[in-house]
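**Q** Okay, here's the structure, questions in a sec.
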Amino acid sequence: VNGRIVDIKKFTVHDGPGIRTTVFLKGCSLACRWCHNPESISPNPQIGWFKNKCVGCGACAETCPNNVYTLVNGELKRDTKRCNYCGKCTAKCMYDALVSYGYKMSVDELVSIVLEDKTFYKNSNGGVTISGGEPLLQAKFCADLLKALKAEKINCAIDTCGAVNWSALEAVLPYADLFLYDLKHVNDKLHKEYTGSSNRKILENLSRLSELQVPIEIRIPLIPGFNDDNASIDTIGEFLGKLNGIKTVKVLEYHDLAHSKYKALNIPYKMLQVSKPSIDKLNRVTARLASYKLDIIDEH
Amino acid sequence: MVKRFEQIRELLENQYIDVKFDPSSGLSPEKIASEFEEHRKEYPEETHIMTKAWLFHLLCTKGRIAVDAEDYFVDKLEHNNIMLKLRGETHLRLYNMEFQGEPTEVPGLYNTRLDVSHICPNWVELFKHGLVGLRDRAAQKEGVFYQAIVKVYDGAIELVKRWNAHCPNPSLAVLAKGPPQTFREAMQLACIYHELLEMDGEPIRSMGGFDQIYYDFYRNDIDSGRLSRDEAKELIKFFWMKFRAKTQGKEFGKNFLFGPIANELSFLSFEVYREMNVGDPKLSLRLSKDTSPEFLETVIKCIQDGMTSVVILNDEKWIDTLIRYGKTPEDAQNYVPIGCYEPAVMGEELNCPNAVNFNLAKGIELVMRDIRDNASFEEIYQAYFQLVEPEIDNAIALAKRFEKRWNEINPAPFLSGLMTSCLEKGCDISEAGAKYNTTGFICIGIGSVADSLAAIEQLVYKDKICSLAELKKALLADWQGYEMLRLTARNRVPKWGNNKNQVDHFAVEVADRVAKYINKNKNYRGGYFTAALYSINYSNGFGSFTGALPDGRKAGEPVSRNTGAMTAMDRNGVTALINSLTKIDLTQFPSATILDVMFHPTAVSGNKGIQTITAIIRSLFEQGGMAVHFNIFDANVLRDAQKHPEKYSNLQVRVCGWNVRFTDLELKEQELFIASAEEAS
C-alpha cells in the first residue's frame, strides 16, 4: 500500500522525544475548528493559493488543462470546481503562490528519507513520528511503515486523535514506542460542535489503550472558549486521573497562525475572534491538571 | 583599593579612550618620533630588525605611561601606533618595489596579501620564563638577531619597573625580576605581552587555552588561601574587559580557548562570561569525547542565552588533521584557533590564514562567458577546473612574493624571543623561524558553485528547458528578460544544503579537487599552503564583483556563505544541511571550515533545547564536521524577514504540533510570532 502524505518535516523537536522526523499523513476523522494543518483534513489532494505571494503572472492559467484559472485585468481568479488536482499549475508557479497538498509514497521511499537522519535520532534519543491528519485512517500503511522502521531500530511515535476503530490502533501496537494521544474534551456535545464528531470512540480507545502499559503522552490543545474553563479542565483531569498508565500530559496552546492556510485553501475559518491563551492562563490550567496526579510536560 | 567590576564597568569599558598619560612620565609622541627620525638618519645602514628593536626600546624606556589605581592590571604606554605606522610605510614601499604596479588581485576572483595578523604567542613559555628569563635566554647567544631580542626585552623590563615606580604594584615588582607566581601575576604578564606585541605590529588573535594555561596558578592561589573564588572572578572580569575595551567590540577580538578537559576554572570562566554578557572576548571550546557533559551543557546554556560568539571545535578530528598535515602528535595536542577558527600549534606555528581569498563561484561566471555554445556538460565542468587551477597558481605565486618581503617589512624580535625554534634556528619569525610555517588559502562560495553546476546540468542537459546559448545570454543580461528561467533555476533545481545528491556531489568533487590542488604547494617559508573552506564576510565583497550565476543568483548578490547553503536555500532544516556538508572530506581543509547553524528560539529553548543542540553538535562531529557556531533567531531578525521575505524562505516557524513558513504568515500573524519570539528571548 502507498501512503497519502501531506508533508515530511525533518528536525522536529515538539512531537516526542529527541530530534525527530515527522511524517504528516493526509485525511482526518475529525475537523476541529482550530485545526492548524487544515490541508491535512481532506484525504484528497488539494491546491492552496497564497494570494499574498501571487504576482498575477498567469503561468497557471496558461498551463491548466481545465481552465481553473483566469486572469482578469491582471488579477487571478480561481474556479476550484473545475480542478482535478493534477498539480501542473503548482509546478509552473515560480512564486510558490500555488502549493500542492497530498502525494502518494511507498513505505520504502519514506523509510529511505527518514533514515537520512539516523545519526541525529541516535544522538538525541529521537526517532520518527507519524502524524497527520489522522494517520490511523491509513492503519495498514502505518503498520507497514513502523514495522520497517523497527527493523532499523528507529524509535516510533504515533500522533493520533483517537477517533478511529480499535482495530487501527491494534494494527500499530506491536511497533509503536509511544502514542501521542490527543484529548480535546470529555463533554460529547461540545466535542461534536467543535470537531464535527462524537468523542465516544476517543475515550473508549484511550481507556483500552491505557490498560496495555504502552507509553502514552496525552496532548490537550488549549482552546479559549472551548476547553479552557475550570469545569472542562476538571472533567479532563478526572477522566485521565482514573485511567491506569496515563501519567504524562502536554498542553498545546492555541495559536491563530494557521489563518493564511485556511484562506489559501478557501476553507472558512471559524476561530477569528479567538486569541492565544495567556501564560497565566496556561500556568493555571497546567497546575489544575497536575492536581489530578498527572505529570505535565513543560517545554517552556 | 580596587573597586568591584560592576561599580566601575563603564570606566573599564572606556579605559582606552582618551587615556590620560602623565605628561611628566616621559617624552611626547612628537619627541619620540623626532628622536626616531634622528636615529634613522644617523644609522642608515642598520638592519630593519635592529631599527625596530631600537624604537621598541625607546618607547618602553622614554614613552609616557599611565597607571590607573582602580585597575588590577597595568598596560598603558603611549606609543601612538608609531610602530604600526612604520610597518605600514615599509609595507607600502616594499609592495611598490616588488609589484611595481602589477595587480595583486583579480576583482571578484581572488585577492592576496601579507597576513601577519594571526598570532598566538606561547603563553606557557612566557609564564615559565617571564620577561627576565626570556631576555637572559637570548643573551646567551651572539649575533644581531639575538641582540635585537635582548634590546626589546630590556625595554619591556624597564617599562615594568617604570610603571611600578609610578604607582607601586606587587605584581609588577615580581614581573620585573622573574616569572609570575600567581593567577593575578600571570594575567598581568599576559596584559603586558599583549600590549607590547601589538605595539610591535603583530596583532594577537588567540590568548591561548585559558582553563589549561592559567589553571596551576589558579589552583595554587585557591589552595593556599591567597585567593577566593570571588576574587578570581573579579580578576578575570578586569582582564577580559580589556579586550572588549580595545576595539569596543567592533572588530576582530580575542579568542580564549577552553577544554577539552574541563576543570574548576573552566566552569568559573563561563560563569564570569555569563555575568559580563559581552560579545568580546570570544570563547571557543575544544570538544572531545573526554569533555564532561556538564561542561558542554554550561557552554550550550550560554549559546541558548544569545552568547553566540562561542565556536565549538571537533577536537579529535582537528588533532588527526594537524598530524596528517605534518605536525607531531605532541604539537597537534597544543593547537588553538588563531582567528575565528583557524587551528595552529600554540607558539610553534606561524600560520597566515588570510593570505589568499579565492572566490570559487566567480570561476563559474567566467566559464559561462567564454564556453562555446555547443559544449557538453562534461566540457563545461572540465573547463571550470581548467580556468580555476591556473588562477590558483597565480594567487599562490603572488602570496609567495609577499612572504618573500616579510623580513624586510616586519621582523618581530619580541615575538621571536618567545619562540623556541626561532632561538634555535637563529632567525626571526618573518624568516621562517617558527617550527611550522603555513599559509592559508581560503576557498569561498562552494555552495554557489555546486548550485550553479546542478542548474546548468538540469536546465540545459537533463530537462532541456533552455539551450546553453540561451542560458549564457540570460546570465550576460543579468537575467533581464529571463525572469521565468531565473526562477526555474532558483526554485526547481536542488540546492546545496538539502542533502540532495544531484547537487551535493558537485560540492564534494570541486572541494576535493581544489583542496588537493592547493595543499601540494610550498609557500616561501618552507611550509605549505593549506586550504580553508569558509568566507568570513567576503561572500558579500566578492559577490558584489561577481556577475549572474546559473543558480538564479543575480549579479552583485552575495555568494554562498562559509560552508553553508546559498541564503535561504537550505529548506530542509539543519539535519539536511549537516548531511550535505559532511559528504565533503573536511580534513582536506586544514586551515579550517566552519558551519553556521541558525535556530529559532522555540526549537532550542529550555532543557530539551540543551539536548537538541548537544545532539546536533555530536551528530555533526560524528559525521565529520570540524567546527560549528550557532545563531538563534531573535525578534529583530524576524522583523527583517517581514521586510525581506525573499531572504528568509527557510525560516520555519514551528509551535507545538504544527508548522508553517514564517513568510507564509500574514502580517498580523507575523506580528504575533515576533511577539512570542520576544517572549522567548
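Laboratory data are not the source of any read-out in this text; all were calculated from the coordinates shown. As the structure is a computational prediction, the values presented were derived from the model and not from experiment. Neighbour counts are summed over all protein chains in view; Cβ atoms, including those assigned to glycine, are modelled from backbone coordinates with ideal geometry.
**Q** Within chain B, what percent of beta bridges assigned by DSSP are antiparallel, to the nearest 5? The partial results should precede the final answer.
**A** Working: 16 of 47 bridges.
Counting DSSP beta bridges with both partners in chain B, the antiparallel share is about 35 percent.
**Q** Is there a quick way to get the dipole size of segment A:178-250? I mean about its Cα centre, with the Cβ of Lys and Arg at +1 and of Asp and Glu at -1; what is the value in debye to the nearest 20?
**A** Numbers: 10 positive and 10 negative charges, 45 e Å.
Roughly 220 debye for segment A:178-250.
**Q** Given the options A:Leu136, B:Leu235, B:Leu667, identify the residue whose Cα lies farthest towards the positive end of the charge dipole of the protein assembly as shown (+1 on Cβ of Lys, Arg; -1 on Cβ of Asp, Glu).
**A** Farthest towards the positive pole: A:Leu136.
**Q** Which Cα, out of A:Ala258, A:Ser291, A:Ile279, lies furthest along the positive dipole direction of segment A:231-300 (beta carbon charges, K/R +1, D/E -1)?
**A** Positive-most Cα among the choices belongs to A:Ala258.
**Q** Another question, if that's okay. With each run of n ≥ 4 DSSP H residues scored as -39500 (n - 2.57), what mean residue ellipticity at 222 nm is computed for chain B after dividing by its residue count and rounding to the nearest 500 deg cm²/dmol?
**A** Values: 29 runs with 343 residues, N = 681.
Roughly -15500 deg cm²/dmol at 222 nm, from the helical runs in chain B.
**Q** Also, I was wondering about something else. Can you tell me the convex hull volume per residue for segment B:179-308, based on C-alpha atoms, in Å³ to the nearest whole number? Could you put the intermediate results ahead of the total?
**A** Numbers: hull volume 13.8 nm³, N = 130.
Convex hull of Cα atoms, per residue: 106 Å³.
**Q** Report the Rg/Rh value for the protein assembly as shown, based on alpha-carbon coordinates and the Kirkwood definition of Rh.
**A** Values: Rg = 32.3 Å, Rh = 31.5 Å.
Value, to two decimals: 1.03.
**Q** Below 15 Å, Cα to Cα, which aspartates and glutamates can B:Lys161 reach? Residues fewer than 8 away in the same chain don't count.
**A** Once the sequence-local aspartates and glutamates are set aside, what remains near B:Lys161 is B:Asp75, B:Glu185.
**Q** Tell me what chain A gives for mean residue ellipticity at 222 nm when only DSSP H runs of n ≥ 4 count, each as -39,500 (n - 2.57), the sum divided by the residue total, rounded to 500 deg cm²/dmol. Can you show the working numbers first?
**A** Details: 11 runs with 96 residues, N = 300.
Only helices count here, giving -9000 deg cm²/dmol.
**Q** Taking neighbour Cβ counts within 10 Å as the exposure measure, how do A:Cys86, A:Cys93 sort from fewest upward?
**A** Numbers: A:Cys86 16, A:Cys93 24.
Lowest count first: A:Cys86, A:Cys93.
**Q** Counting only other chains, what is the mean number of Cβ atoms within 10 angstrom of the Cβ of each residue in peptide B:333-342?
**A** That average works out to 0.
**Q** Between beta-carbons, use under 13 Å as the cut-off and find the net charge around A:Pro268, counting Lys and Arg +1, Asp and Glu -1.
**A** Working: positive: A:Arg33, A:Lys261, A:Lys263, A:Lys270; negative: none.
Neighbour charge sum, excluding A:Pro268 itself: +4.
**Q** In debye, nearest 20: dipole of chain B around its Cα centre with unit charges on the Cβ of K, R (+) and D, E (-)? List each step's numbers first, then the result.
**A** Numbers: 79 positive and 93 negative charges, 102 e Å.
Taking the Cα centre of chain B as origin, the dipole is about 500 debye.
**Q** Further, regarding this structure: What size of dipole, in debye to the nearest 20, comes out for segment A:128-221 about its Cα centre when the only charges are +1 on Lys and Arg C-beta atoms and -1 on Asp and Glu C-beta atoms?
**A** On the way: 11 positive and 12 negative charges, 25 e Å.
Taking the Cα centre of segment A:128-221 as origin, the dipole is about 120 debye.
**Q** Average partner chain C-beta neighbours within 10 Å, per residue of A:96-105? Please report the intermediate quantities before stating the final value.
**A** Numbers: counts 6, 0, 0, 1, 0, 0, 0, 0, 0, 0.
Mean partner shielding for this stretch: 1.
**Q** Students often get this wrong, so check it: of B:Lys52/B:Lys400; A:Lys118/B:Lys327; B:Lys246/B:Lys362, which have C-alpha atoms separated by over 26 Å? Provide the component values of the computation, followed by the final result.
**A** Working: B:Lys52/B:Lys400 24 Å; A:Lys118/B:Lys327 34 Å; B:Lys246/B:Lys362 36 Å.
Those over the limit are A:Lys118/B:Lys327; B:Lys246/B:Lys362.
**Q** Order of A:Tyr85, A:Tyr181 from fewest to most other C-beta atoms within 10 Å? It would help to have the intermediate numbers written out before the result.
**A** Numbers: A:Tyr85 17, A:Tyr181 23.
Lowest to highest Cβ neighbour count: A:Tyr85, A:Tyr181.
**Q** For segment B:336-437, treating each Cα as an identical point scatterer without solvent, what Debye log10 I(q)/I(0) comes out at q = 0.20 1/Å?
**A** Those come out to -1.00, one per q.
**Q** Can you return the aspartates and glutamates within cross-link range of B:Lys522? Criterion is Cα-Cα under 17 Å, with same-chain partners fewer than 8 residues away left out.
**A** The reachable aspartates and glutamates, counting only those whose Cα sits under 17 Å from B:Lys522, are B:Asp115, B:Glu349, B:Glu389, B:Glu391, B:Asp393, B:Glu403, B:Glu431.
**Q** Please give, to one decimal in nm, the separation of the simple spin-label points placed at B:Gln100 and A:Glu75, each 7 Å out from Cα toward the Cβ.
**A** My value for the distance between the label points is 7.2 nm.
**Q** Mean separation of Cα pairs under 8 Å and 6+ residues apart, divided by the residue count of segment B:506-579: what relative contact order is that in percent? Could you put the intermediate results ahead of the total?
**A** Working: 65 pairs, mean separation 14.0, N = 74.
Relative contact order of segment B:506-579: 19 percent.
**Q** Can you tell me the FRET efficiency between B:Lys301 and B:Glu264 if r is taken as the Cβ-Cβ distance and R0 is 25 Å, rounded to the nearest 0.05?
**A** Working: r = 18 Å, r/R0 = 0.70.
Computed FRET efficiency for B:Lys301 and B:Glu264: 0.90.
**Q** At q = 0.11, 0.13, 0.18 Å⁻¹, what is the log10 ratio I(q)/I(0) for segment B:1-92, with the Debye formula run over Cα points and no solvent?
**A** -0.42, -0.55, -0.86
**Q** Can you classify segment B:468-606 as rounded, prolate or oblate using the Cα gyration tensor, where a ≥ b ≥ c are the square roots of its eigenvalues, rounded means a/c under 1.5, and otherwise it's prolate if a/b beats b/c and oblate if not? Mind showing how you got there, number by number?
**A** Working: a/c = 1.87, a/b = 1.21, b/c = 1.54.
Because a/c hits 1.5 or more and a/b fails to exceed b/c, segment B:468-606 counts as oblate.
**Q** Kindly put B:Trp406, A:Trp34 in sequence by how many other C-beta atoms sit within 10 Å of each C-beta, fewest to most. Intermediate values should be presented prior to the final figure.
**A** On the way: B:Trp406 24, A:Trp34 21.
Arranged by neighbour count, lowest to highest, B:Trp406, A:Trp34 become A:Trp34, B:Trp406.
**Q** Same structure again: Per residue Cα convex hull volume for chain A, in cubic angstrom? List each step's numbers first, then the result.
**A** Numbers: hull volume 42.4 nm³, N = 300.
Here the figure is 141 Å³ per residue.
**Q** What is the percent of Cα-Cα separations in segment B:527-605 that go past 19 Å? If you can, show how the numbers build up before the last one.
**A** On the way: 1500 of 3081 pairs.
The calculated P(r) of segment B:527-605 puts 49 percent of pairs beyond 19 Å.
**Q** Give the residue from B:Leu126, B:Tyr72, B:Gly541 lying farthest towards the positive end of the charge dipole for chain B; charges sit on Cβ (+1 for Lys and Arg, -1 for Asp and Glu) and the dipole is referred to the Cα centre.
**A** It is B:Gly541.
**Q** Is the shape of segment B:144-186 rounded, prolate or oblate, going by the alpha carbon gyration tensor and its root eigenvalues a ≥ b ≥ c, with a/c under 1.5 for rounded and a/b larger than b/c for prolate?
**A** Values: a/c = 4.00, a/b = 1.69, b/c = 2.37.
Oblate is the answer for segment B:144-186, as a/c is 1.5 or above yet b/c matches or exceeds a/b.
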